[in-house]
Amino acid sequence: MLNSTDVFVIGGGPAGLAAAVAARRRGFRVMLADGAEPPIDKACGEALLPDGVEALERLGIQIPSTEAWSLRGIRFLSASRSADARFTSQHGIAIRRTALHGLMSERAEQLGVQLFWQTAVKSISREEVELEGRRIRTRWIIGADGANSRVRRWAGLDVGPRPRLRFAFRQHFRVKPWTDHVEVYWGDRCQGYATAVSREQVCVALASHDSQMRLEEGLNGFAALRANLAHAEVVSSERGAITGNRQFRRVSKGRVALIGDASGTVDAITGEGLGLAFCQAIALAEALRNDDPASYQREHRRLSRRPLWMARLMLTLDRRPRLQERTLEVFQRHPEVFRRLVELHVGILPPSHIVKDGLTLGWGLLRARS
């Protein structure tokens, strides 16, 4: 068994697998270790927006239509209003997290990535990774071990402002999908999310600042969503996670680089967590090929800018019912505003349009009652 490699990835979720695949496609020898047994599940909205689908395809990973549900747009709903915008180019998809993990694991194995499941990493040094009972020499170490990353702490990269966190829960229901959009329900105390993941299952999620609120209680505030789920069978256990915008001063140091939630997070309201990790994987592999980790730091910051801005924009509506109603009124009266914001959100329009469209939305809010 080999005791050396070019790249060692710590963490075998979608971010780690994407990093392993991207590095292997650049010709590196790659090993990956995770203490869990696949398929690895996690509380997740399970939607990939068009930019995320494109990044996954750039990694050479194709999602069979039988495994996913096609998403054609985004719909916002409040107690009395709704507004929707269709994706104008490539569609998105929704797929069960476990199914996505299985497909990505298979792809990594096909490419020759050595996968060590149920294998905990004990420590790292400048040129080695210590596993249970053995050490692996490596040129590069990639930390993909989640929001509470040990690799980040070991590398001295755990420096950044403390975020304001929210609490999210997810569950699946057996019911025929009623929409091909990602639906975001705005309420007084929380947001609800509904995304079909197959012809007979819908993923429902909830996010709030209340650590005690669970899905059942939150659904009581969304009459339309509750009606769509009437008599639906619950087919998965309720899973919880913490979400929020979090940034770190640096995402690389020496021969260590971070990716996915280990490198920072965007609030789940954006639906961009997975897509962002896939884009980071591509950028990181390119930086390793050029032996230029500093370029990854710059590209990571650039990739995060748009999702972080969109998260902050959408969270201005959080727990502000009057602002929610006025915003949806603007979207109803000026659908092109919502469409352009969605195009910004999924990367169709460049970041330079953010200020212009933010001002357009603000002007629309001022005129909403005129």
DSSP beta bridge pairing in the stretch 1-114, given as percent antiparallel to the nearest 5: 65
Whole-Hz ³J(HN,Hα) from phi, Karplus 6.51 cos²θ - 1.76 cosθ + 1.60, for the stretch 42-48, glycine and proline x: 6, 4, 7, x, 6, 9, 10
Residue order, fewest to most surrounding Cβ atoms within 10 angstrom, among HIS101, HIS300, HIS231: HIS231, HIS101, HIS300
HN-Hα J in Hz across the stretch 60-68 - Karplus 6.51, -1.76, 1.60, θ = phi - 60°, x for Gly and Pro: x, 10, 9, 9, x, 4, 6, 9, 9
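Per the helix-only calculation at 222 nm, which mean residue ellipticity applies to the chain, given -39500 (n - 2.57) for every DSSP H run of n ≥ 4 and division by its residues, nearest 500 deg cm²/dmol? Walk me through the numbers before you get to the answer.
Working: 11 runs with 131 residues, N = 370.
Mean residue ellipticity, 222 nm, calculated: -11000 deg cm²/dmol.
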Mean Cβ count within 10 Å, highest first, over the residues of peptides 329-337, 87-95: 87-95, 329-337
Charged-residue dipole, Cβ positions (Lys, Arg, Asp, Glu), the chain about Cα centre, Debye nearest 20: 1100
Residue-wise HN-Hα coupling along the stretch 339-349, computed from phi with Karplus coefficients 6.51, -1.76, 1.60 (Hz; x: Gly, Pro): 4, 5, 5, 5, 5, 4, 4, 9, x, 6, 8
Computed over the chain, Kirkwood Rh from alpha-carbon pairs, angstrom: 21.2
Antiparallel bridges, percent of DSSP beta bridges restricted to the chain (to nearest 5): 70
Among ALA262, ALA224, ALA155, residue whose mean-square fluctuation peaks in a GNM of the chain (springs only between Cα atoms under 10 Å): ALA224
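Throughout, read-outs are computed from the coordinates displayed, never taken from laboratory work. Predicted, not measured: the structure shown is a model, and the values here were computed from it. Every residue, glycine as well, gets a Cβ built from its backbone with ideal geometry; the counts of neighbours run over all protein chains shown.
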